[in-house]
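Inspection log for the structure reproduced underneath, given as structure tokens.
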Amino acid sequence: MATADAHAASVKIRRVRIGLIISIGLFALCWIVEFLTYAGRTGVLDAFDLLFVLIAAAIGWLLYQAWRSRCPFCGNPFFVNSGLPLGFHFSTRCPYCSALLNELDEVIR
């Protein structure tokens, strides 16, 4: 049963990590498109503004999921570490026990 929980945790960590990277990339791309196409406009909301809100909401939800994600080996937060310069990381290695996501999958199988 513990291996099923560990596998679920590693899948969650991988999905949250990929989702955050894609969402932040989309947010940056939308910001660039908004700047290039609508620079100088005032007072009128458009589809890009709604898209910003949706992507920002997705990033917020994914950040909450990342904050709740725990390493299956040590049980510490996988993405959050106050010893890091930003306090948050996107790497595939746990900052506490140095377990890699690939190692987690190998141990589970």
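Values in this text are rule-based calculations from the coordinates and carry no lab data. Just so you know, these numbers come straight off a predicted model, no measurement behind them. All Cβ positions, glycine included, derive from the backbone under ideal geometry; neighbour counts span all protein chains shown.
Points to keep in mind about this one:
- Angle in degrees between helix 47-68 and the longest Cα principal axis of the chain, rounded to the nearest 10: 20 degrees
- If the segment from Val44 to Ala56 were pulled out straight at 0.36 nm per residue, it would be longer than the present Cα-Cα gap by 2.4 nm.
- In this Cβ point-charge picture (+1 for Lys and Arg, -1 for Asp and Glu), the chain has a dipole of about 220 debye about its Cα centre.
- For the chain, the longest principal axis of the C-alpha atoms and the axis of helix 2-38 are separated by about 20°.
- Kirkwood hydrodynamic radius of the chain, Cα pairs, Å: 15.7 Å
- Cys residues of the chain that find no other Cys beta carbon under 4.7 Å: Cys30.
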